[in-house]
Structures are given as structure tokens and as C-alpha cells.
Amino acid sequence: MSSKLNEGILLSGCQADELFVDMSESEGEGKACGVFSNTMQMVLKENLGLLNNKEVVMMAKKVLQAQWFEQHPCLYYNNENIDATFL
């Protein structure tokens, strides 16, 4: 199996100098999860069509800002993957 550098993407819930916030799930048994993880789930449930990596992260940023969370999600990628469909 061979691998190339920069094949993947990395989604980060916040920048290095920010606090990563946990919360209780809005649905289910109230298990703790990260705010970013919960926000990503919300974005994907509300947008059932194909989205690219950048679109998903930008939508998550808007939701977090609207909820007054001081977290700024990051998308690390190479230029080939920014417009790739989010899996």
C-alpha cells in the first residue's frame, strides 16, 4: 500500500489557542460530545445533498457563531481536496 503526502483532510474543532468546548447531546441519552462534533452532525442532517469540505466547515462556523461559541473550526487540506465531496 502506498500513500502520498497531502492526500487527506483534517477538520479541527478550534484553533490551537482556543478552548475546545464539550456539551451534552441535544438528542439521545445526553452523552457529552464536542460542540464542533455536534454542530457538524446538525449541518449534515440539515443538508442532505452533496457538500464539499469547505462548505461543511463554513456552515459549521456560521452555526457556532450564531450560538455564541468562541470556537473557530479549521480545515487543513491540500488544494486538490478543498472542493472534494465531504464523506
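A short reminder: the numbers here are calculations on the coordinates, not readings from a lab. Since the structure is predicted, the reported quantities are computational estimates derived from the model, not experimental observations.
Multiply the residue gap between Gln41 and Glu70 by 0.36 nm, knock off their C-alpha separation, and tell me the result in nm, one decimal place. It would help to have the intermediate numbers written out before the result.
Numbers: separation 29, 0.36 × 29 = 10.44 nm, distance 1.85 nm.
Going from the current span to full extension adds 8.6 nm.
Among rounded, prolate and oblate, which fits the stretch 10-76 when a ≥ b ≥ c are the square roots of the eigenvalues of its C-alpha gyration tensor, a/c under 1.5 means rounded, and a/b larger than b/c means prolate?
It is oblate, given that a/c is not under 1.5 and a/b is not larger than b/c.
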